[in-house]
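Student: Below is a structure I'd like to ask you about.
The values are calculated or read from the model by the stated rules, or taken from the named source; none is laboratory data. This structure is a prediction, so every number in the text was calculated from the model and none was measured. Every residue, glycine among them, receives a Cβ derived from its backbone with ideal geometry; neighbour counts consider all protein chains shown.
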Amino acid sequence: MSAAARGRRATRSLRETRGAEASALLSSDAARAAIALHGTPVLLLDPDRVRRQYRRLRNALPFVRFHYAVKALSHDAVIGALAAAGCGFDVATSEELQLVAAHGVDAPRVIHTHPIKKPREIAEAIDAGVRTFVVDNETELAKFEGTPDDVRILVRLAYRSPHAKSDLSSKFGVGAFEAEHLVERALALGIEVGGFSFHVGSQLDDPERFVQAVSETLALMSALEKRWGIRFSTLDIGGGFPTAYDAPVASVEEVGARLRAVLEPYAERYDIIAEPGRVMVAEAMMLVTSVAGIAERADGRWYYLDDGLYGAYSNVLTEDVHPMIFAERELQGRATDAAPHRWATLGGPTCDSSDVIAREVMLPDLQVGDLLVSPVMGAYTTVTATRFNGRPFTPVAVVGRGPATGEVTAITEPVRVGQTVP
Ligand SMILES: Cc1ncc(COP(=O)(O)O)c(C=O)c1O
């Protein structure tokens, strides 16, 4: 079988798995209760899936300490689940720090990784007890002069990753030459350099790139240690683990195995930490929308949904990821293969022309009010949504699982995203 044919088969099988999971969740009492309470759109969040991802990461890289990147999904149920499981947290703002602190997470479990911070934000984090910060330029470094002795910085390195959905290297990070200069300046200013951090790029389906970044950083650390007779304590390998949206990607176990081979020899020598965001939460949330309007246009059938790019589908707009979309009719077997299907365009609800969620989606014929679902909507969705056209944020309903059966059994009081950060 050709590689292309294997790829198509793997994508079909992913679609079947995602469809089966979506169908089970949508027909659960919890989902029905959430839809009855809120109507649509509504997001169903299952914290158990977050706990499961954390377990997978720990099994794959047992010597790494994980700090969940709160920016991916700053929902209380996620923070609570990970805090209880002993996970650390990576925050980028004072608001994220307050949210984590509200869950009783003590400051040593928190790192502040935004390379650019107002002096006030640094002061607030230090007051709260945070001691690890990230720096990638001299102006930022100077802000740490005179901070308590136990504050330490990590120098952020930039590795280009054109294959990542979000290549962060043009906005943040420095090359080896500038990094060396920053370490030298920090030593001169009496600021402790704990080590280095990097982010290979978000949604990076390229285990080899992770390995290269780790290897280059380890080589730099060892060269600088020799040159200045110092010892670094920490290597922060960032986030970036990919999630399967519309096609299979390297699994946590595959990326973990590649990383383990290069990192394990250093597990005793350095405190190795990571900041995963997307992979922890993406699969934990499913969006339920419904058809608000239908039109025949020059390019065919359009369905207008009640959520879109300015709402929960903001990941399509900001990240160019493409979550699968299923009609309830097809999931529950009400649309047989013989029933009319057609290519359709899915528009979002706002009164502008950019709000198009997907084109050329094969769907059974739908009516106003019919439900559609998108699984894998946990990461960078609600957190980047807007209230364009005055539309409210899509509510999040937390669904729980019975410990014995694993069946979805409960719904807790839903929380609007905008209310979760104090
Ligand atoms: C500093 C930092 N750490 C971690 C993350 C999380 O990355 P990901 O969601 O790709 O795992 C990000 C995402 O932008 C980031 O900027």
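Student: I'd like to know if region 189-208 contains one or more residues that are under 30 Å from A327 (Cα atoms) and in contact with a Phe, Trp or Tyr (Cβ under 6 Å, 6 or more places away or on another chain). Give the steps one after another, and end with the answer.
Tutor: Pass one, region 189-208, residues under 30 Å from A327 (Cα atoms): 202-205.
Narrowing the set further to residues that are in contact with a Phe, Trp or Tyr (Cβ under 6 Å, 6 or more places away or on another chain) leaves none.
Scanning region 189-208, I find no residue that is under 30 Å from A327 (Cα atoms) and in contact with a Phe, Trp or Tyr (Cβ under 6 Å, 6 or more places away or on another chain), so the answer is no.
Student: Inside region 100-121, can you point out the residues that are within 16 Å of the ligand (Cβ to nearest atom) and in a helix (DSSP H, G or I)?
Tutor: First pass over region 100-121, keeping only residues within 16 Å of the ligand (Cβ to nearest atom): 100, 109-117, 121.
Answer for region 100-121, where residues must be within 16 Å of the ligand (Cβ to nearest atom) and in a helix (DSSP H, G or I): V100, R109, E121.
Student: What number of residues in region 180-200 are within 16 Å of the ligand (Cβ to nearest atom) and either out of contact with any Ser or Thr (no Cβ under 7 Å at 6 or more places or on another chain) or within 21 Å of K226 (Cα to Cα) (or both)? Before the answer, list the steps.
Tutor: Step one: of region 180-200, the residues within 16 Å of the ligand (Cβ to nearest atom) are 194-200.
Remaining after also requiring either out of contact with any Ser or Thr (no Cβ under 7 Å at 6 or more places or on another chain) or within 21 Å of K226 (Cα to Cα) (or both): 194-197, 199.
Residues that pass the stated criteria total 5.
Student: Just wondering, is there one or more residues in region 34-44 that are at pLDDT 95 or above, buried (at least 22 other Cβ atoms within 10 Å of the Cβ), assigned by TED's automatic domain parsing to the domain that holds V368 and assigned to a helix (DSSP H, G or I)?
Tutor: no
Student: Let me ask another. Taking E208 as meeting all but one of (1) surrounded by fewer than 20 Cβ atoms within 10 Å (Cβ to Cβ); (2) over 30 Å from S13 (Cβ atoms), write down the number of the exception.
Tutor: The single condition E208 does not satisfy is (2).
Student: Which residues, counting only those in region 161-175, are surrounded by fewer than 16 Cβ atoms within 10 Å (Cβ to Cβ) and either of a type in the set (A, V, I, L, M, F, W, C) or touching a Gly at 6+ places or on another chain (Cβ under 9 Å) (or both)?
Tutor: Initially, region 161-175 is screened for residues surrounded by fewer than 16 Cβ atoms within 10 Å (Cβ to Cβ), giving 162-163, 170-171, 175.
Result: P162, H163.
Student: Take the conditions within 13 Å of the ligand (Cβ to nearest atom), assigned to a helix (DSSP H, G or I) and not assigned by TED's automatic domain parsing to the domain that holds Y304 and apply them to K71. Does it pass? Outline the logic, then answer.
Tutor: On the way: within 13 Å of the ligand (Cβ to nearest atom): yes; assigned to a helix (DSSP H, G or I): yes; not assigned by TED's automatic domain parsing to the domain that holds Y304: yes.
Yes; evaluated as a whole, the condition is true for this residue.
Student: Among the candidates R401, R334, R359, which residue alone is surrounded by fewer than 20 Cβ atoms within 10 Å (Cβ to Cβ), at pLDDT 95 or above and outside the structural domain of A69 (by TED's automatic domain parsing)?
Tutor: Details: R401 fails: at pLDDT 95 or above; R334 fails: at pLDDT 95 or above.
The unique qualifying residue is R359.
Student: Quick one: is R15 on the phi < 0 side of the Ramachandran plot, surrounded by fewer than 16 Cβ atoms within 10 Å (Cβ to Cβ) and within 23 Å of the chain's Cα centre (by Cα)? Write out each step before concluding.
Tutor: On the way: on the phi < 0 side of the Ramachandran plot: yes; surrounded by fewer than 16 Cβ atoms within 10 Å (Cβ to Cβ): yes; within 23 Å of the chain's Cα centre (by Cα): yes.
Yes, satisfied.
Student: How many of the residues in region 122-146 are under 17 Å from R156 (Cα atoms) and part of a helix (DSSP H, G or I)? Before the answer, list the steps.
Tutor: Taking region 122-146 and keeping what is under 17 Å from R156 (Cα atoms), we get 122, 131-144.
The next check asks that each one be part of a helix (DSSP H, G or I); those that pass are 122, 138-142.
Number satisfying all stated conditions: 6.
Student: Answer with yes or no whether S161 is within 16 Å of the ligand (Cβ to nearest atom) and part of a loop (DSSP other than H, G, I, E, B). Steps first, please.
Tutor: Numbers: within 16 Å of the ligand (Cβ to nearest atom): yes; part of a loop (DSSP other than H, G, I, E, B): yes.
It is true that S161 is within 16 Å of the ligand (Cβ to nearest atom) and part of a loop (DSSP other than H, G, I, E, B).
Student: Within region 320-329, can one find any residue that is in contact with a Gly (Cβ under 9 Å, 6 or more places away or on another chain), modelled with pLDDT of 95 or more and either polar (S, T, N, Q) or crowded, with 18+ Cβ neighbours inside 10 Å (or both)?
Tutor: Yes - at least one qualifying residue is present in region 320-329.
Student: Let me ask something else. Mind checking which residues of region 201-254 are more than 14 Å from the ligand (Cβ to nearest atom), of a type outside the set (G, A, S), under 18 Å from R278 (Cα atoms) and part of a loop (DSSP other than H, G, I, E, B)?
Tutor: Once the filter is applied, which keeps residues that are more than 14 Å from the ligand (Cβ to nearest atom), of a type outside the set (G, A, S), under 18 Å from R278 (Cα atoms) and part of a loop (DSSP other than H, G, I, E, B), region 201-254 yields D246, P248.
Student: Quick check on my filter: what residues within region 205-221 are within 13 Å of P242 (Cα to Cα) and out of contact with any helix residue (DSSP H, G or I) (no Cβ under 8 Å at 6 or more places or on another chain)?
Tutor: The answer is D205, D206, R209.
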